[in-house]
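Worksheet: one structure, shown below.
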Amino acid sequence: VQLQASGGGLGQPGGSLRLSCAASGRIHSIFSLAWYRQAPGKQREWVATITAGGRTNYPDSVRGRFTISRDIARNTLYLQMNSLKPEDTAVYYCNVATQIKNYWGQGTQVTVSS
């Protein structure tokens, strides 16, 4: 199974973007799904998590601005990003964690600039 992330691009400060991460097939025994990001010269950082039970969590840097969700029937994970800031500029990666394996998407670039 492969993960394909999309929806990145250029966003305006204060604007919105929606990222998608589609799985090529069904993934079994999912523990959690998440988004991470990596800005140039920085380590990859966690952005959002949704558990198999639907519980969500966010770091303070994006809480209240970003929303993670999933469409189980479409095998797709989403990240709605509102009130974008220049510091949100990064490559965004989706992640699916199972009991035995971690799946990663290829990354999608998000640039926030006026």
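Brief remarks follow.
- Tabulated pairs, the stretch 92-105, first farther than 17 Å from residue 75 by Cβ, second open to solvent by less than 40 Å² (accessible area, probe 1.4 Å) and among the hydroxyl-bearing types (Ser, Thr, Tyr), C-beta under 6 angstrom, 6+ apart or interchain: 92/108
- Odd one out for residue 112, checked against (1) in contact with a helix residue (DSSP H, G or I) (Cβ under 6 Å, 6 or more places away or on another chain); (2) free of Cβ contacts under 8 Å to residues at least 12 places away in the same chain; (3) among the aliphatic types (A, V, I, L, M): (2)
- Near pairs, Cβ below 9 angstrom, 6+ apart or cross-chain, from the stretch 28-46 (on the phi > 0 side of the Ramachandran plot) to any residue that is open to solvent by less than 40 Å² (accessible area, probe 1.4 Å) and not aliphatic (A, V, I, L, M): 29/98
- Residue that is nearest to residue 86 (Cα to Cα), among those in the stretch 39-59 that are among the hydrophobic types (A, V, I, L, M, F, W, C) and open to solvent by 20 Å² or more (accessible area, probe 1.4 Å): 39
- In the set (1) crowded, with 19+ Cβ neighbours inside 10 Å; (2) in contact with a helix residue (DSSP H, G or I) (Cβ under 7 Å, 6 or more places away or on another chain), the condition left unmet by residue 36 is number (2).
- Strands (runs of 3 or more DSSP E) enclosed by the stretch 60-114 - at least 3 residues per element that are within 22 Å of residue 29 (Cα to Cα) and open to solvent by 60 Å² or more (accessible area, probe 1.4 Å): none
- Scope the stretch 16-33; condition assigned to a loop (DSSP other than H, G, I, E, B) and surrounded by 14 or more Cβ atoms within 10 Å (Cβ to Cβ); matching residues: 27
The values are calculated or read from the model by the stated rules, or taken from the named source; none is laboratory data. Predicted, not measured: the structure shown is a model, and the values here were computed from it. All Cβ positions, glycine included, derive from the backbone under ideal geometry; neighbour counts span all protein chains shown. For the accessible areas, the whole protein counts, side chains as well, though only heavy atoms, and no ligand, DNA or RNA atoms are used. Shrake-Rupley method; radii C 1.70, N 1.55, O 1.52, S 1.80 Å.
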